[in-house]
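Take a look at the structure set out below.
The values are calculated or read from the model by the stated rules, or taken from the named source; none is laboratory data. This structure is a prediction, so every number in the text was calculated from the model and none was measured. Neighbour counts run over all protein chains shown; Cβ positions are idealised from the backbone, glycine included.
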Amino acid sequence: MVYITRIERFNAAHKLWVDDWSEEKNLAVFGKCSNKNWHGHNYHLHVTVKGRPDPVTGFIIDVKALSKIIQHEVTDHLDHSNLNLDVEFIPKGMQPTTENLVILIWDRLEKALESYPCQLHAIKLWETETIYAEYRGEK
Ligand code: NI
């Protein structure tokens, strides 16, 4: 089994906030991500698929095709968006954390890759240089 990873980037705004909590509690739990007037992150999305190399092309998947799928299914929707307000596949009221986003991204890409011979292996979403969430489809 061979694993290959495509990296895509997007920029987006968000706010982590619970309406029922005080401003102080939101700040204590979410830190700067609770900023009332929004803020942005430069996200890096790592999508890893696995499979056996095709005997003719040597590819698990054509990475140009994988890039287009990621753009079409994910980054075209998220790039330059407000994650709390603008994205139809993020349920209203769901905190737009990296943890929640990797699950939503996995579900979209797993479906989009159904007709390809490779399997989705992992989604990693980097929110900053020091934090990323990873999801491998485990419930
Ligand atoms: Ni944030």
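Mind checking which residues of the stretch 19-43 are of a type in the set (Gly, Ala, Ser) and within 16 Å of the ligand (Cβ to nearest atom)?
28, 31, 34, 40
Considering every residue within the stretch 58-68, establish whether at least one is touching a residue at least 40 places away in the same chain (Cβ under 8 Å) and of a type in the set (S, T, N, Q).
Yes, the stretch 58-68 contains a residue that is touching a residue at least 40 places away in the same chain (Cβ under 8 Å) and of a type in the set (S, T, N, Q).
Given the conditions (1) crowded, with 19+ Cβ neighbours inside 10 Å; (2) assigned to a helix (DSSP H, G or I); (3) in contact with a helix residue (DSSP H, G or I) (Cβ under 9 Å, 6 or more places away or on another chain), and given that residue 111 satisfies all but one, which numbered condition is not satisfied?
(1)
Determine whether the stretch 73-89 contains at least one residue that is surrounded by fewer than 19 Cβ atoms within 10 Å (Cβ to Cβ), under 14 Å from the mean Cα position of the chain (by Cα), under 20 Å from residue 113 (Cα atoms) and of a type in the set (A, V, I, L, M, F, W, C).
Within the stretch 73-89, one or more residues are surrounded by fewer than 19 Cβ atoms within 10 Å (Cβ to Cβ), under 14 Å from the mean Cα position of the chain (by Cα), under 20 Å from residue 113 (Cα atoms) and of a type in the set (A, V, I, L, M, F, W, C).
Only one of (1) assigned to a helix (DSSP H, G or I); (2) modelled with pLDDT under 95 fails for residue 31. Which number is that?
Against the list (1) assigned to a helix (DSSP H, G or I); (2) modelled with pLDDT under 95, residue 31 comes up short only on (2).
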